[in-house]
Amino acid sequence: MTVSRTIRNQAQTMKGRITEELGRVTRNRRLKRRGRADRVSGSLKQAVEKTKDAFRRNGSGPR
């Protein structure tokens with residue numbers, strides 16, 4: 001996993017957390033949902049990258 005992808009995914013996750021909290025404070029459901037979507041999306045992207053790396057390190061993969 002490249003450092004730039006890691007930073008990008010973590011930034012998206014943090015942006016989502018901030019947006020979600022802002023939506024919670026202002027009682028804006030749309031903002032809260034958008035923040036949750038960003039947070040989950042960033043986390044999933046990070047998990048996919050970690051899975052790819054695990055397969056690359058083990059030398060096993062689709063054949």
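The values are calculated or read from the model by the stated rules, or taken from the named source; none is laboratory data. Fair warning: this is a prediction, and the values are worked out from it, not measured in the lab. All Cβ positions, even for glycine, are placed from backbone atoms using ideal geometry, and neighbour counts span all protein chains on display. Note: accessible area is taken over every heavy atom of the protein model, side chains too, but ligands, DNA and RNA are not part of it. Shrake-Rupley method; radii C 1.70, N 1.55, O 1.52, S 1.80 Å.
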Practice task
State whether the residues of segment 17-28 include one that is surrounded by fewer than 11 Cβ atoms within 10 Å (Cβ to Cβ), modelled with pLDDT under 95 and assigned to a loop (DSSP other than H, G, I, E, B).
Solution key: no
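When you scan segment 42-53, how many residues do you find that are open to solvent by 40 Å² or more (accessible area, probe 1.4 Å) and either on the phi > 0 side of the Ramachandran plot or out of contact with any helix residue (DSSP H, G or I) (no Cβ under 6 Å at 6 or more places or on another chain) (or both)?
Total satisfying the criteria: 6.
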Practice task
Could you tell me whether Lys52 is at pLDDT below 95 and of a type outside the set (S, T, N, Q)?
Solution key: yes
